[in-house]
Amino acid sequence: MKKTITALVTAMSILVATTSFASQENDIQFLNSKPSNKALPFSEAVKVGNTLYLSGQIGWNAASGKLATGGFEGEAHQVMKNIQTTLTKHGYQMSDVVKCLVMLTDIKQFKAFNQVYTQYFSAPYPARSAFAVSELALDSLVEVECIAAVSGN
């Protein structure tokens, strides 16, 4: 009986410790650098444990309040700068990105996008998907969303 009680107490202690650790690992933070904007009902990033999920970025230039100039290439550079800014703001860097999803309104721009993309990432590159879409928000030509992760200590 004493062994059973000891085993039960040990099992309960392990369960409590594991549950506590799991809840710390799965701590969810909705990150926004600006106050909530009801016109844009999403968070710029969500952090779960050591993983950062970024909302899709378009080539919006916050300084001008418009899409970046320079057509597809100008927008593509602005997208990557926006990703870099968001990552930095939340304590991550481009080398922490593990996955990207690229949406292009013209799949023929795939090669041109890769030329811009490789100016912001280097080998080993993040995993990536890319596909064509009929339209993007604000008539942008390209949108990219990313997931970044850092090793937990």
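Quick note: the coordinates plus some simple rules give every number you see, no bench work behind them. The model shown is predicted, which means the values in this text are computed figures rather than measured ones. Cβ placement follows ideal geometry from the backbone for every residue including glycine, while neighbour counts extend to all protein chains displayed.
Quick look at the values:
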{"read-out": "Residue among VAL97, VAL144 that alone is under 24 Å from GLN29 (Cβ atoms), free of Cβ contacts under 8 Å to residues at least 60 places away in the same chain, surrounded by 12 or more Cβ atoms within 10 Å (Cβ to Cβ) and touching a Cys at 6+ places or on another chain (Cβ under 7 Å)", "value": "VAL97"}
{"read-out": "Residues of the range 49-87 classified as of a type in the set (S, T, N, Q) and surrounded by fewer than 19 Cβ atoms within 10 Å (Cβ to Cβ), total", "value": "8"}
{"read-out": "Filter result (closer than 26 Å to GLY65 by Cα and surrounded by 15 or more Cβ atoms within 10 Å (Cβ to Cβ)) within the range 115-140", "value": "VAL116, TYR117, TYR120, LEU136, SER140"}
{"read-out": "Hey, TYR92 aromatic (Phe, Trp, Tyr) and under 12 Å from the mean Cα position of the chain (by Cα) or not", "value": "yes"}
